[in-house]
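One structure below.
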Amino acid sequence: MSRYLHLLLLTSTLLLFFGSCKEKSRTYKPTTTTIEGTITSAVAPVIILRGTADIKASITQEGKFFIQAELDRSGIYTLLHGDQSVSLYIVPGDRISVIGDYRTLDAATKFSGSHELENNYLIHYHNLQLVSEPQDMYAFFSKNETDFLKAVEDRLNVFVEDQQEYQKKNGAFEEDFAELMSAELSYDAANLKMTYPEYYTYIMPDSTLNLSDTYDSFFQNLDIDTEANLLVPSYIPFISLYLDFNTKADTTAAKTALVTSKFNNIKTLFKSQKVKEVLYYNLLKNTLSTSINETSLVIDKYRTAQTNPTFLEDINNQYQQWQHLIVGQPAPKFDYKDINGKSVSLESLAGKVVYIDVWATWCGPCLRELPSLEKLQEENKSNNDITFVSISIDQDKAAWEKMVKAKNMKGVQLFADGDWASSLVSDYRISGIPRFIVIGKDGKIIDANAPRPSSKEIASLLGNAIKS
């Protein structure tokens, strides 16, 4: 028996053991549901119960909270506080007590009350996920197809066997929860399989990956377009990856901007309005974080297609905050001191294309881009139409000066006073570094979230900017 056939049989067995992944009714008449407890080391005055919508409640300085809501759907919800979260299984009408600490919310929270067994298992499951993650992602995703599928199968086996052992020791899961976990494991495995081609190509750029004709047959056992599974944790990343997987495989859309192709394919690939609402929202949210220029291509379509008023309002608000950075808009001004104490403003660089690197000495990804940046500068050293500007948002100015001098860093080296509180960070909506920005000779934005020096796209982008 081939390993691939064995994987298909294992998946079928998994579905029979836990119950079918096919959609069943998990809807109820709206029923009062209560989640209460204490989260010590609380960091904010609000706690959120996230399902198909967010339900907010206050939390005291001592961490006490009380959430009462009319819920109409069972599933795996998320309790969020600050930047931490924990999963919990809820059936409308439940009364659940939560005891945890913000610092270990997803790893050590204790549940009592309704569905105590299932909810404490979700903590156990999360901890098992952490230890079951591939220790070497490069080795995991650089395997050939057969070995990769075997590795996914082995990982799946770990979870299946663990669930069996957990129930032997603690009691059987409620049927609905067992089906949810069956779907969770299936979508989790599918997510790995969909990311495999892209990761393999990234890790092995000199090797060609030729997938077998049966590689995507794992979709046959999955509900692709199922509103009920929006309360299965792995399902939302699954539908986003499924959209990516199919859009990249669509050769007819090669000349269309990727974000436009994805947007159009949501309507083509999915029928459930609730699923489409989530996909439209996540696509725009993710695109906003990487490219306001690409977002501008589909924002009008989004405003027409999005039927969830909360999602619509959120994207409109975010777009409004970003739109001053769309291509063709005047670039926000700056004026900082260089390594020699001389003031350098954006206006003083007028008439040249400006390629800006926002970085810090403590930022590992920033430092990994430096050799590529140096190479790019060397390739353009005789070109008087472009200026390379590196702006540090370090808090420690001495550390910046030391590194610039020690590495003999080329280009214009500037120091932004105020680190993350600097006007540069707020004006250009910088939430992570390195961040690269291209400004045209006329002082207008070309790309406020430009490709990195190590990318294949940067040379043509700068070349076109210089010619314009």
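Restricting attention to segment 441-468 and to residues that are among the β-branched types (Val, Ile, Thr) and in a helix (DSSP H, G or I), the residue that is nearest to SER372 (Cα to Cα) turns out to be ILE458. The residues listed here are LEU283, LEU231, LEU243, LEU258; of these, the one that is assigned by TED's automatic domain parsing to the domain that holds THR310 and either exposed (fewer than 15 other Cβ atoms within 10 Å of the Cβ) or in contact with a Lys or Arg (Cβ under 9 Å, 6 or more places away or on another chain) (or both) is LEU283.
Evaluation of PHE140 against the conditions (1) of a type in the set (Phe, Trp, Tyr); (2) assigned to a strand (DSSP E or B); (3) free of Cβ contacts under 8 Å to residues at least 40 places away in the same chain shows that the sole unmet condition is (2).
Of all residues in segment 325-343, those that are of a type outside the set (D, E, K, R), part of a strand (DSSP E or B) and within 36 Å of the chain's Cα centre (by Cα) total 2.
Please specify each residue of segment 311-359 satisfying the condition of being in contact with a helix residue (DSSP H, G or I) (Cβ under 6 Å, 6 or more places away or on another chain), within 23 Å of PRO434 (Cβ to Cβ) and among the hydrophobic types (A, V, I, L, M, F, W, C). Result: TRP322, LEU325, ILE326, VAL327, PHE334, ILE339, VAL353, TRP359.
Condition check ((1) β-branched (Val, Ile, Thr); (2) farther than 19 Å from LYS274 by Cβ; (3) part of a loop (DSSP other than H, G, I, E, B)) across all residues:
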site	(1), (2), (3)
SER182	no, yes, no
THR195	yes, yes, no
TYR199	no, yes, no
TYR202	no, yes, no
ASN210	no, yes, yes
GLN220	no, yes, no
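Here LYS110 meets the list (1) in the same structural domain as GLY93 (by TED's automatic domain parsing); (2) touching an Asp or Glu at 6+ places or on another chain (Cβ under 7 Å) almost entirely, failing just condition (2). Taking segment 418-440 as the range and being farther than 19 Å from ASN383 by Cα and assigned to a loop (DSSP other than H, G, I, E, B) as the test, the residues that pass are GLY418, SER422, TYR428, ARG429, ILE430, SER431, GLY432, ILE433, PRO434. Can SER455 be described as assigned by TED's automatic domain parsing to the domain that holds LYS375, under 18 Å from GLU379 (Cβ atoms), surrounded by fewer than 16 Cβ atoms within 10 Å (Cβ to Cβ) and within 31 Å of the chain's Cα centre (by Cα)? The answer is yes for SER455.
Name the single residue, out of those in segment 285-324 being under 22 Å from the mean Cα position of the chain (by Cα) and in a loop (DSSP other than H, G, I, E, B), that is farthest from LEU258 (Cα to Cα).
Residue satisfying both the conditions and the ranking: ASN308.
The values are calculated or read from the model by the stated rules, or taken from the named source; none is laboratory data. Fair warning: this is a prediction, and the values are worked out from it, not measured in the lab. Here Cβ is always computed from backbone atoms with ideal geometry, including for glycine, and neighbour counts include all displayed protein chains.
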